[in-house]
1. Say a paramagnetic label sat at a point 7 Å from the Cα of S85, along Cα to Cβ; which residues of segment 1-39 have their backbone N under 16 Å from it?
2. Do any of K2/K78; K72/K127; K48/K80 go past 24 Å between their Cα atoms, and which?
3. Per the Debye formula with a single identical scatterer at each Cα and no solvent contribution, what log10 I(q)/I(0) holds for segment 55-205 at q = 0.12 Å⁻¹?
4. What distance in nm separates the two pseudo spin-label positions at D207 and R233, each 7 Å out from Cα along the beta-carbon direction?
5. Loop only by DSSP, 15 or fewer other Cβ within 10 Å of the Cβ. Give me the trypsin sites (Lys or Arg not before Pro) in segment 150-183 that pass, ordered by residue number.
6. Which angle between 0 and 90 degrees, to the nearest 10, do you get for helix 143-155 versus the longest principal axis of the chain when only C-alpha atoms count?
7. Which residues' amide hydrogens lie under 5 Å from the amide hydrogen of D67, considering only partners 5 or more residues apart or on another chain, with H built in the peptide plane?
8. Could you identify which residue out of E42, E104, E232 has the top mean-square fluctuation in a GNM of the chain using Cα springs shorter than 10 Å?
Amino acid sequence: MKSIVITEKPSQARNVMKAVGSRYGEVLAAQGHLLRLQSPEEANPDWKAWSSDLLRPQGGRYGLVADRTSGKGERLDKIKRALSSADQVIIATDCDREGQAIGENLLHFYGYRGRVLRAMFTAEDEKTLCAAFASAKPNTEYQPLYDAAVARAQADQVFNLSLTRTATTRLVPTGVRAVIGIGRVRTPTLGIVCRREQELSNFKPRDYFELTANVQGEHGVFQLHHRPADSERYFEKATAEAIAAAATGWHGPASVRQENRRQAPGKPVDLPSLQKQAAKWGWTA
């Protein structure tokens, strides 16, 4: 049985060769994404002229096109030849969704129908790589990861380009050569910066009052500081003085408690919901 290994980049291929040699077949390196999505005019010639049309192709998805720039053509040809006679492929790209897309897109693009395994690793030392290849699983187990990559890429292509063209054609004055770029990452980030700048520009300083109490305890005097949340600060001196007066001379039990707390990480990506949304738009892997 002829087997080949596809890695994401040449440095990764060298690490794999160092760890497992040719035990799993020839190791072929991609160069990042060797395939790209069609441009709007490639999907529909009517979209060559910019307008405010929604650039969503018939069937809902842009097709894949070989990217032969920057020396990628030679790598594509080599992988194509190897796939034509391979009985098994091991995808050994990065373990994130983009890595999954880099490896799996090549198989779909060239119509590969043989056995496909997936080696997953987060480090590239010899021990980790040997273990990853020894425990490689059927690639079908990582279908949700590929679906997430496809949904992300297709959504970016449809909405980023549609909104960029719409904003440019509607907002840029006639005769001015400029593009208003709108993207999934850059646009909200710019919005956060602009909102914060606006808050700083509109900020008006205002005095407020905090309360400090000297408390006599069993082991000496210590201070307690009362600092309410921003929305509950004491802006009226009379209010703060009234609270201070009410607390003066108070007697009663006082204790100090120290706690170690842990903050849970953010919620993982909800892949079933992502798949459902992708299916709603007609995007299926």
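1. 1-5, 25-28
2. K72/K127; K48/K80
3. Debye output, listed in q order: -0.75.
4. 1.3
5. For trypsin sites (Lys or Arg not before Pro) across segment 150-183 that sit outside H, G, I, E and B with at most 15 neighbouring Cβ atoms in 10 Å, the list reads R177.
6. Approximately 80 degrees, to the nearest 10.
7. L35, R36
8. Result: E232 has the largest fluctuation of those listed.
All of the numbers you see were taken from the coordinates with simple rules; none came from a lab. Since the model is a prediction, treat every value here as computed from it, not as a measurement. Using ideal geometry, Cβ is built from the backbone for each residue, glycine included, and neighbour counts are taken over all protein chains shown.
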